[in-house]
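What follows draws every value from the coordinates through simple rules; no lab data is involved. Note that the structure is predicted; figures quoted are calculated from it, not measured. Neighbour counts are summed over all protein chains in view; Cβ atoms, including those assigned to glycine, are modelled from backbone coordinates with ideal geometry.
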Amino acid sequence: MSKKYFTPEEANELLPYVRAELSFMQEAKRTFYKLYQQREEVKKLLPVDESELFAVECRLEFMELEAKARITRLLEKGVQVKDVDIGLFDFPAMINGEEVLLCWREGESEITHYHGLHEGFQGRKKLE
């Protein structure tokens, strides 16, 4: 599979999809944590309710599989998931013959910055 490069316009067109996936993943992470805590509480009970424990563990496993599938779909589109908690995503691009990453963070209305492959978020530069 060849590497996908985005123009700023192409990356911006994907933002509604990325926002929806981010929202899902952030909510799923919160729910996963609550279920994990519930599982730990069930495990402390004596006698342990095996059927309740099994049900919670099945939900946790399903949630993990669904999150991985969603991340995989983003990766297949060429989008790099950097940090779900703060909502940070990169889109590979070519600018002036150099491979860079268009950078978007949750709360930004569109992609307006990029950085080098090894610079990270702190090295962001404004698109011209």
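Principal axis extents of the C-alpha atoms in region 8-119 (largest first, rounded to whole Å): 66, 26, 23. Dividing the convex hull volume of the alpha-carbon atoms in region 1-51 by its residue count gives 125 Å³ per residue.
Give the total of Lys-Lys pairs in region 8-119 with Cα-Cα distances below 18 Å; include a pair only if its members are 8 or more places apart or on different chains. Intermediate results must be reported in sequence, preceding the final value.
Details: Lys29/Lys68; Lys29/Lys82; Lys34/Lys43; Lys34/Lys44; Lys68/Lys77; Lys68/Lys82.
For region 8-119, the number of qualifying lysine pairs is 6.
Sites listed here are chymotrypsin sites (Phe, Trp or Tyr not before Pro) in region 84-124 whose DSSP assignment is loop and whose Cβ has at most 10 other Cβ atoms within 10 Å, and the list is empty.
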